[in-house]
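Have a look at the structure below before the remarks.
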Amino acid sequence: MPGMVVFGRRWGIASDDLVFPGSFELFVRVLWWIGTMILFTYHKGNFDCNGGGVLHTFLVGLMVVLALIILSLCATVYVSAQGTITNPGPRRSIPALIYLRAILYIPELVWACLGAMWVSEDSKGCDPATVGAVISAVIASWIILLFTGLGVVFVFDPLGNPHPQHSAMEPLGVRDQQSTEGTQFLSTARSLAVKVWESRLRLLCCCLPQDESHRAAFSSIAQLVGGFFSDTDLVPSDIAAGLALLHQEQDKMEQSRDPDIMVDHSPSSPIGEDLETELEKAAHCMQFAAAAYGWPMYIYSNPLTGPCKLSGDCCRSREAEYDIVGGDHLGCHFSSILQSTGLQYRDFIYVSFHNQIYEIPFYVALDHKREAVLVAVRGTLSLKDVLTDLSAECENLPIEGVLGSCYAHKGMCQAAGYIYKKLVNDGILNQAFTIAPEYKLVITGHSLGAGTASLLAILLRNSFPTLQCYSFSPPGGLLSKALADYSKDFVVSVVLGKDLVPRDPDRRTHLCLPS
């Protein structure tokens, strides 16, 4: 579906993407109009307080403006729902409706200013409930205008060509003469696109520190996203629709073919261990991977009893425990880990909830049940983690003894390097194996934590040849083929049903479980 052309530019939104946002705004506007009508009816013929005439004008004008906006939204939602992805013809009137809706923002802005003036100057002596209702209307107007402005910033493409030119067949000599100029123009366009995306990311992440590491991450993500969308007429809904259609096609293929041959063991399992034993190990490790999320996951898993169990621990002083726990000032995260894993305080070697871009929380504990030194890495839980996820460029990860191109996901590679330095340089693993020298090393994690755990296992493999890694829903595109083949003997990926995130050409072992 091509991007919508409005105001002389091709936008990053299609004409069929306005149904749900338009319906939501329509619902809000209808409730707003009903409330204004009730307020006007209540005061009808009784606008005798200070500024009563202004209030009467404000309410009448607001109802008229809201009515016009509601009509324009109804038309927009209806037209946007017409046609199909491949047949946008029935939606050709959407640009005209967008122009109409843009014009209606002008009287809405004027009325928001009028309401603010009445509240600040002429509302003395009026019914407090009326004043509160007008204040609510003014605040709602400004909020909608603000979010509209933010939406325009994120979907407006200042470089969007309203008439994308398809390269025609030209004589070879002409193409050669224009190649240098065309290459330079394309490079300039992509540089501008990267700057646009970088500005959007900075605006979206304005609450984060604008230090060097974050600026580097914004630049990396902007280059990736800008390069993907710069020379294609794609909008995000196209990708979502493509994934949905691909899912349907996969379902059809699965229903029409014979069942796959079931294996009774995992390729990464030691000889003699069956698949059931491997699954039991994976289920055991999953408890530790989930526990790494701290109290949010514990409360989500135990909505009735969780808050009561954690409330006492979160308020209790734990000064003696801060020699192993970092970044958890109230102790809620560590308390939830104790509750989730069933381990004792003495079983933990190191616990860190320090969270920055490329630096994610993890903990190291002694799992006496499985006789393992266990390293659990947390998945995505913060905006900084999202930036680590989105830093998806390839980064070189040379590993001794691996032939071929060794590349990995940049953000997770950086995160794995951060944890590796903590474990090795700070002597955390040495401390653990000094206490339990006969134990083996096990690494686990979910989502972002799974990808980081897999890369951490690769980094530690030469030093700990018997280590095992259980990664739950690792992101797709994590490793190059050479690294994937290298890791298949010690990394087990557990994928639930048709989970979209891990579906990739990765060659590591996948235990596909039914959803």
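Applying a threshold of 19 Å to the alpha-carbon distances of 369/488; 421/488; 384/410 flags 369/488; 421/488 as lying beyond it.
Taking a Cβ cut-off of under 10 Å around residue 439, the surrounding Lys, Arg, Asp and Glu residues balance to a net charge of -1, with basic ones at +1 and acidic ones at -1.
Centroid-to-centroid, using Cα positions, region 2-16 and region 60-104 are 14 Å apart.
Charged neighbours of residue 144, selected by a Cβ distance under 12 Å, balance to 0 (K, R count +1; D, E count -1).
Give me the accessible area per residue for region 5-155, probe 1.4 Å, as a whole number in Å². Let's see the in-between values first.
On the way: 8020 Å² over 151 residues.
Ligands and nucleic acids excluded, the result is 53 Å² per residue.
Within the straight-line cut-off of under 18 Å between alpha carbons, the lysines reachable from residue 252 are 498, sequence neighbours fewer than 8 places apart in one chain being disregarded. Ignoring ligands, DNA and RNA, please state the percent of accessible area on region 275-511 from carbon and sulfur, probe 1.4 Å. Here carbon and sulfur together make up 55 percent of the probe-accessible area.
The values are calculated or read from the model by the stated rules, or taken from the named source; none is laboratory data. Note that the coordinates shown come from a computational prediction; the quantities given were computed from them, not determined experimentally. Don't worry about glycine lacking a Cβ; one is built from the backbone with ideal geometry, like all the others, and counts go over all protein chains shown. Just so you know, the surface numbers come from the protein's heavy atoms only, side chains and all, with ligands and any DNA or RNA stripped out. Shrake-Rupley method; radii C 1.70, N 1.55, O 1.52, S 1.80 Å.
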